[in-house]
Amino acid sequence: MNETPEKPTAAKKTAAKKAVTKKAAAKKAVAKKATAAAEQAPAKKRAANTAAAKKTATKKAATKTAVTKKTAAAKTAAAEKTAAKKTAAKTTTAKAPAKKAPAKKAAARKPESRAAMVRRARRINRELAELYPYAHPELDFTNPFELLVATVLSAQTTDLRVNQTTPCLFAVCPTPEDMAAMDPQELEELIRPTGFFRAKTRSLLGLSAALRDRFGGEVPGRLEDLVTLPGVGRKTANVVLGNAFGVPGITVDTHFGRLARRFGWTTHQDADKVEADVAEIFPKSEWTMLSHRVVFHGRRVCHSRKPACGACAIAPLCPAYGEGETDPEKARKLLKYELGGQPGQRLKPPADYPGQPAPPMAAPVAAS
């Protein structure tokens with residue numbers, strides 16, 4: 001009996017099938033786990049990123065809050081400091097006496113063309129002619145030699161002092177020959193009141209000798225000749241030519257130069273350049289009288305340190321208006337000579353002069 005039993009073979013097959021099924025189930029389980037792990041990884045990563053972002057945002061918010069608080073505190077402190085300063089300033093202002101507001105200056109003028117400046121300058125001359133119809137040289141003289149000597153003496157002093165000094169001088173030496181023959185010390189004593197008397201003595205002795213030796217004792221009537229005399233420059237020569245010989249000339253003294261610059265006629269300080277600039281603005285026939293009018297105005301109204309702007313008749317035409325006193329009442333108190341009710345500079349003024357003559361020099365008091 002060699003028959004193989006069927007049941008064991010079926011059992012083996014069944015067992016083999018079960019084993020295969022188990023393996024497949026195990027593989028599926030592993031695959032499921034792997035898939036689940038793969039799916040969970042990005043979620044975890046996203047969760048981690050979200051958490052980090054939340055943490056960063058929280059930090060930024062905290063920093064911003066701190067900065068805001070700090071800024072607010074600084075602003076508050078600054079506001080308190082400013083308020084304290086204002087309070088202190090108010091207290092100081094209340095205690096201190098009120099300061100007087102400075103006089104307002106004229107509004108800045110628009111740029112002026114050359115033609116407009118010339119028109120304005122000539123109008124100023126016309127206005128000054130109406131204001132000073134009696135303008136004249138303020139040195140006393142009766143001939144060209146006396147005017148020449150007086151003009152030399154007027155350097156660094158007033159015309160009044162010269163006019164008070166020359167009567168005694170011309171009584172002793174009325175001609176160039178007489179003056180050239182004088183003892184230097186005697187001449188110094190005669191002109192001492194005018195100041196710088198030693199240098200002026202040398203000039204007077206030199207020009208007197210030159211007039212005697214080179215011009216026959218006569219004052220020449222040409223600019224070229226006059227400026228060759230000791231102590232005589234263009235200003236002195238123009239004074240003599242314009243007032244003793246009728247030859248037009250512009251006299252640029254300190255007053256004329258100051259006003260020419262204030263009026264905008266020139267910007268130069270040098271007298272020769274000022275003369276050249278002004279000569280281009282006015283006709284030659286006006287030069288001599290223009291000089292007198294401008295000098296008159298400079299001595300009476302448009303002073304060097306404190307011009308009487310508020311009492312100036314040509315203020316609307318003046319670019320420098322406001323440099324001086326603009327209050328009319330106060331400005332009137334600054335006026336001098338006949339405009340201020342005071343004596344003039346000449347002991348013998350012209351007949352049409354509206355003011356009072358200057359007094360002669362007081363005699364020295366004798367020692368007791």
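At-a-glance table
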| item | result |
| --- | --- |
| Inter-site label distance for residue 262 and residue 224 at 7 Å from Cα along Cβ, in nm | 3.8 |
| Solvent-accessible area per residue, Å², over the stretch 134-267 with all protein chains present [probe radius 1.4 Å] | 41 |
| Inter-label distance for residue 202 and residue 185, nm, one decimal - labels placed 7 Å from Cα along Cα-to-Cβ | 1.9 |
| The stretch 130-184, relative contact order [Cα under 8 Å, separation at least 6], % | 28 |
| Candidates per trypsin sites (Lys or Arg not before Pro) in the stretch 211-249, loop by DSSP, up to 12 other Cβ within 10 Å | 222 |
| Carbon/sulfur fraction of accessible area - the stretch 191-337, other protein chains in place, 1.4 Å, % | 51 |
| Extension gain from residue 123 to residue 269, taking 0.36 nm per residue of separation minus the Cα-Cα distance | 50.2 nm |
| For residue 356, residues with placed amide H under 5 Å, excluding near neighbours | 344 |
| Set of aspartates and glutamates with alpha-carbon distance to residue 235 below 17 Å, sequence-local pairs under 8 removed | 138, 146, 159, 224, 225, 253, 270, 272, 275, 277, 286 |
| Those GluC sites (Glu not before Pro) in the stretch 228-330 that DSSP places in a loop and that have at most 14 other beta carbons within 10 Å | 280 |
| Accessible area in the full protein assembly, largest first, 1.4 Å probe, for 188, 130 | 130, 188 |
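The values are calculated or read from the model by the stated rules, or taken from the named source; none is laboratory data. Computed from a predicted model, the values in this text were never measured in an experiment. When we count neighbours, we look across all protein chains shown, and the Cβ atoms used for this are built from the backbone with ideal geometry, even at glycine. These accessible areas exclude ligands, DNA and RNA; they are computed on the full protein's heavy atoms, side chains included. Shrake-Rupley method; radii C 1.70, N 1.55, O 1.52, S 1.80 Å.
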